Amino acid sequence: MIPTVAIVGRPNVGKSALFNRLVGKRIAIVHDQPGVTRDRIPADCDMGGRTVTLLDTGGIGAALEDQFAAQIRAEAELAIEAADVILFVVDGHEGLTPVDRDIAGLLRRAGSRVLLVVNKIDVPKHEMTLADFAALGFDQPLAVSAEHGRGLAALERRVTAELPEPGTTGPDDQGDHEDKPPAAPVKIALIGRPNVGKSSLVNAILGDQRTIVSEVAGTTRDAIDLPYRRGSRDYLLIDTAGIRRRTKVDTAVELFSVMRSRNSIHRADICLLVIDAGTGITAQDRTVAAEIIAAHKPCIIVLNKFDLFEPRNPTKERVHHWREVIQRELFFLQYAPIVVTSAAYQQHIRKVFAAIDRVTEAARRVLTTGELNRLLQRAIAAMPPPKDRKSHRRFNLLYASRLKSDRSGPVPVPHVVLIANRPELMNDSYMRYLERTIREHVDYEGLPLRMTLRGKSDGNKSS
């Protein structure tokens with residue numbers, strides 16, 4: 001098993017900054033506002049030659065301005081329970097506080113291996129404050145500056161020394177045989193507006209309260225990566241903050257959260273567009289859907305909270321109603337399969353993964369160059385392109401092919417390039433006709449179909 005290292009401490013001592021510095025990426029949001037981090041945020045990183053799972057946690061022990069203090073403490077306690085080594089982070093500028101003493105008592109009762117990390121020791125003269133923390137009763141504290149990267153090498157050496165020895169049959173044991181590297185996990189991003197139940201759905205999938213759930217919109221702030229294995233297949237679930245209209249984003253923290261969510265769309269293999277079936281489709285749902293399309297990402301529509309939609313009516317009628325609504329309101333996502341769920345009652349989670357399997361299977365379907373060209377030429381012969389009103393000439397397709405560069409990854413998106421004379425005469429309506437022709441021949445369920453038009457001068461037009 002990969003060992004786990006948890007970072008804990010009171011709010012605003014620099015836990016997330018230290019987490020980002022050790023991981024080598026800006027994963028957790030760093031801000032002066034206390035309580036920005038709420039959930040456990042995991043990331044694998046190399047520490048002294050050992051791969052460890054690093055956990056960032058919310059601040060413990062301070063009175064925050066929202067209702068999440070108890071849940072944040074519970075999340076941190078779960079991280080403490082799971083960790084092999086605890087990095088107890090304190091603030092070298094502010095010195096020892098009563099909250100630090102309370103957390104120290106919690107850690108001693110947990111019986112964990114604890115390394116006391118005094119952060120914000122930016123220059124050697126700041127090390128004079130280290131003696132203040134001797135009262136906490138831990139070994140010699142480690143002086144670091146997460147902001148400037150100071151003292152991290154010594155910290156990594158201490159962590160490595162405290163880690164349990166690698167097991168003889170665990171992932172650290174290479175053995176005398178060579179195995180194929182494991183397949184890359186399918187990255188599944190749960191995307192949607194605030195309070196549609198994304199975190200509840202993640203918890204229902206994992207069977208664990210891994211992310212904080214609340215009726216308050218905007219509870220999730222970071223994009224949280226959660227490894228998940230189902231059967232023989234590995235996934236990476238990405239729980240994201242709700243995407244609100246720009247005019248509704250009223251704090252810097254929320255702005256960073258929304259930016260992380262949008263970035264999660266781009267790094268995902270499949271996006272689950274989560275919609276609240278109890279309230280219906282809103283303009284913001286359509287905006288979020290448009291962002292998924294703009295990123296050319298496979299998509300599955302998940303109607304969550306289905307138990308709240310006309311619960312007295314038969315299920316088939318309710319599902320039929322929603323299919324009609326989606327065809328009308330999200331007509332540009334007609335290729336996306338629809339799954340109804342109730343995360344609160346853990347209903348139909350299996351159907352979500354059945355849809356994911358269908359989409360990944362569709363991505364493996366390959367239309368050969370010969371088949372593609374014959375198909376399109378038949379379509380053009382059946383319905384020729386319209387003539388230009390001025391020149392009375394038509395778009396003329398010379399050749400079509402699928403880009404090989406788009407066939408990599410767990411869920412490759414088909415990308416068809418059309419080489420043509422007079423490409424400027426192509427219009428959007430006829431491009432959609434050619435796309436429909438391809439879809440009628442190959443079932444690309446859940447997959448966008450990129451269509452790029454190029455002339456001899458290599459200019460291009462995409463749909």
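The values are calculated or read from the model by the stated rules, or taken from the named source; none is laboratory data. Keep in mind it's a predicted model, so treat the numbers as computed, not measured. All Cβ positions, even for glycine, are placed from backbone atoms using ideal geometry, and neighbour counts span all protein chains on display.
If you scan region 397-436, which residues turn out to be more than 30 Å from the chain's Cα centre (by Cα) and within 29 Å of Arg267 (Cα to Cα)?
Within region 397-436, Ala400, Ser401, Leu418, Asp428, Met431, Arg432, Leu434, Arg436 qualify.
Could you check how many residues of region 354-392 are under 21 Å from Arg230 (Cβ atoms) and crowded, with 18+ Cβ neighbours inside 10 Å?
Here the count works out to 6.
Looking at this structure, is Thr129 surrounded by 16 or more Cβ atoms within 10 Å (Cβ to Cβ) and either β-branched (Val, Ile, Thr) or free of Cβ contacts under 8 Å to residues at least 24 places away in the same chain (or both)?
So Thr129 passes the test.
Given (1) in a loop (DSSP other than H, G, I, E, B); (2) in contact with a helix residue (DSSP H, G or I) (Cβ under 8 Å, 6 or more places away or on another chain); (3) surrounded by 17 or more Cβ atoms within 10 Å (Cβ to Cβ), where does Ile300 come up short, assuming only one miss?
Single failed check for Ile300: (1).
Residue by residue through region 173-205, note down the ones that are closer than 23 Å to Thr360 by Cβ, modelled with pLDDT under 70 and of a type in the set (D, E, K, R).
Asp179, Lys180
Condition test on Ser214, is it surrounded by 13 or more Cβ atoms within 10 Å (Cβ to Cβ) and either in contact with a His (Cβ under 7 Å, 6 or more places away or on another chain) or at pLDDT below 50 (or both)?
yes
Do we find that Leu115 is modelled with pLDDT of 85 or more, in a strand (DSSP E or B) and either on the phi > 0 side of the Ramachandran plot or surrounded by fewer than 22 Cβ atoms within 10 Å (Cβ to Cβ) (or both) in this structure?
When the stated conditions are applied, Leu115 passes them.
Checking Val319 against (1) in contact (Cβ under 8 Å) with a residue 60 or more places away in the chain; (2) surrounded by fewer than 18 Cβ atoms within 10 Å (Cβ to Cβ); (3) not polar (S, T, N, Q): exactly one of these is not met. Which one?
Tallying (1) in contact (Cβ under 8 Å) with a residue 60 or more places away in the chain; (2) surrounded by fewer than 18 Cβ atoms within 10 Å (Cβ to Cβ); (3) not polar (S, T, N, Q), Val319 fails exactly one: (1).
Which of the strands (runs of 3 or more DSSP E) found entirely inside region 336-424 contain at least 1 residues meeting this: in contact (Cβ under 8 Å) with a residue 24 or more places away in the chain, aliphatic (A, V, I, L, M) and not assigned by TED's automatic domain parsing to the domain that holds Leu303?
Ranges flagged: 396-402, 415-421.
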